[in-house]
Every structure is written in C-alpha cells, then in structure tokens.
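S.K.: The structure is given below, and queries will be raised subsequently.
Derivation of every value follows stated rules applied to the coordinates shown; laboratory data play no part. Note that the structure is a prediction, hence the values are computed from the model and not measured. Positions of Cβ are backbone-derived with ideal geometry, glycine not excepted, and every protein chain shown enters the neighbour counts.
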Amino acid sequence: MKIFYTLIFAIFISTASMAQDSKLPYYEIPEAAEEYTAGTVASRMVDGLGFRYYWATEGLRPEDLSFRPNKEARTTEQTIDHILGLSQVILNATLKVANGTPQPKMTFAEKRKKTLENLEKASKILRESKDLSEFKIIFGKTEFPFWNNINGPIADALWHTGQVVSFRRSSGNPFPKGVSVLTGKKRQ
C-alpha cells in the first residue's frame, strides 16, 4: 500500500510540475502574424529563440547545469547566465533603455523564467512595431542600430541555446522527445 501512495504522489508531483512549466512562455510558439512586416518577422525570430530556449532548458538537472566539455569552456549554467544577459539586451532595445544594470542572484528556475519573459515582452513590442530603427542597443553613450540586435544578441542567444542542447546531450540528458522546432509544438 505504501508503494501505491508513493506512486500516486510521484505522478501528482510530475503532473503539477508539467502544468507549471506549460504556463511559462514558449511551451509552444505563438501563432504567426497575419502579415509580414519588419516587426512581425523580428518578433518571430525572437519567438523561435524563445521556443528553442524553453525546450533546451526543460528538465535540466544539477549535473547538467554544472557540465562543461572542458576546463576552458563555460558550464551549462554559465551559458544560461549569458543567454539571460542577451535576452535583457534584446528587451532593453525594445524598451529603449540603456544596458548596464546587473542581474540579481537567481536560481536556475528564476533565470529560466526571466529569460523566457524577457523574450516574450520583446517579441510583443516588435510584433506591433512598424519601424525597427527606433529600437537601438544602448551601452552608455554608444548606440547600435537594430541590425546589430539581429546579428548580435539574437543570433548569439540562438548559438548558445544550441550549446545548451549539446551540453545536455553530453551530460546524459538528451533534448526532450517530440519537440518540433519546425512547427513550434510538442507532440504528446
């Protein structure tokens, strides 16, 4: 009987955890915009990043977070910290604010949530925009046009999200089955 209750409890916890994660942004990619504009295309790029990041970081264990392929490389968690910083740069450009405020200490779950929320907020602003030239990356007195956001933080975050996937495979925790980056959905 004790085994039965333990099994029921484990199923409940697993189900509750899955329900909680599905409330985070990018469990699925949002519906595409009806029209193609600079803003909707940029928004979709950020959505693609958000979806990939969600599933790259889903179910990471402590041993995955501490994994590094060699002593010169970042750990998975250090890579996640970098992606969080990149997501803040992407968001700050859409909010038209300067970069430079350091992130507070956070748990992995808090970092993951913050990164996904940053990307979701940035995507929504971009989707409504008709002129991306207003979204500059600002570092002190130096400004970069939105072009640099595409080849800089957005592309870099995609690159590093791929590293997280590679690192998790190397630490024995493969990418979740059934995730389709083409359709932006997870098959059940």
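S.K.: Under 5 Å between amide H atoms, partner at least 5 residues away or on a different chain: which partners does ALA73 have, H built in plane at 1.01 Å?
M.R.: Answer set, sorted by chain and number: none.
S.K.: Among the lysines, which fall within straight-line cross-link reach of LYS141, defined as a Cα-Cα distance under 19 Å, with same-chain neighbours fewer than 8 residues apart omitted?
M.R.: LYS96
S.K.: Show which aspartates and glutamates lie in cross-link reach of LYS130 when reach means a straight Cα distance below 17 angstrom and same-chain residues fewer than eight apart are skipped.
M.R.: GLU34, GLU35
S.K.: May I ask you to evaluate 6.51 cos²θ - 1.76 cosθ + 1.60, the Karplus curve with θ = phi - 60°, for each residue of the range 103-108 and list the ³J(HN,Hα) values in order in whole Hz, giving x for glycine and proline?
M.R.: 6, x, 4, 9, 6, 4
S.K.: Continuing with this model, one more query. Size of the dipole of the range 39-175 about the Cα centre, Lys and Arg at +1 and Asp and Glu at -1 on the beta carbon, nothing else charged, in debye to 20?
M.R.: 100 debye
S.K.: Okay, moving on. Please give the contour-minus-distance gain from GLN103 to THR183: 0.36 nm per residue of separation, less the Cα-Cα distance, rounded to one decimal in nm.
M.R.: Values: separation 80, 0.36 × 80 = 28.80 nm, distance 3.27 nm.
Result for the pair: 25.5 nm of gain on full extension.
S.K.: Another question, if that's okay. Give me the percent relative contact order of the chain, please, defined on Cα pairs under 8 angstrom at least 6 residues apart. Don't skip to the answer; put the middle values down first.
M.R.: Details: 238 pairs, mean separation 58.5, N = 188.
Over the chain, the number comes to 31 percent.
S.K.: Another question, then. Whose amide H sits under 5 Å from the amide H of VAL179, counting only residues 5 or more places off or on another chain, with H placed in the peptide plane?
M.R.: For VAL179, the qualifying residues are ARG187.
S.K.: Here's another thing I want to ask about it. Match the structure shown to one of the listed values (i) 16; (ii) 21; (iii) 24 of percent of Cα pairs over 30 Å apart, computed from it, and give that label.
M.R.: Correct label, based on the coordinates given: (iii).
S.K.: Within the chain, which is the longest segment that contains none of the trypsin sites (Lys or Arg not before Pro) sitting in a DSSP loop with at most 10 other Cβ atoms within 10 Å?
M.R.: Within the chain, the longest run free of exposed trypsin sites (Lys or Arg not before Pro) spans 24-70.
S.K.: Here's something else I'd like to know. For GLU34 and THR75, calculate 0.36 nm times their separation in residues minus their Cα-Cα distance, and state this gained length in nm to one decimal.
M.R.: 10.8 nm
S.K.: Sticking with this one: Using θ = phi - 60° and the Karplus relation 6.51 cos²θ - 1.76 cosθ + 1.60, list the HN-Hα couplings for the range 130-138 in order, rounded to whole Hz, with x at every Gly or Pro.
M.R.: The phi angles translate into 9, 9, 6, 5, 6, 9, 8, 7, 10 Hz.
S.K.: Starting at the first residue of the range 91-101, write each ³J(HN,Hα) from the Karplus equation 6.51 cos²θ - 1.76 cosθ + 1.60 with θ = phi - 60°, in whole Hz, x for Gly and Pro.
M.R.: 5, 4, 4, 6, 8, 6, 10, 6, 8, x, 6
S.K.: Return the FRET efficiency for the residue pair ARG61, THR142: r is the Cβ-Cβ distance, R0 is 30 Å, and the value is rounded to the nearest 0.05.
M.R.: 0.15
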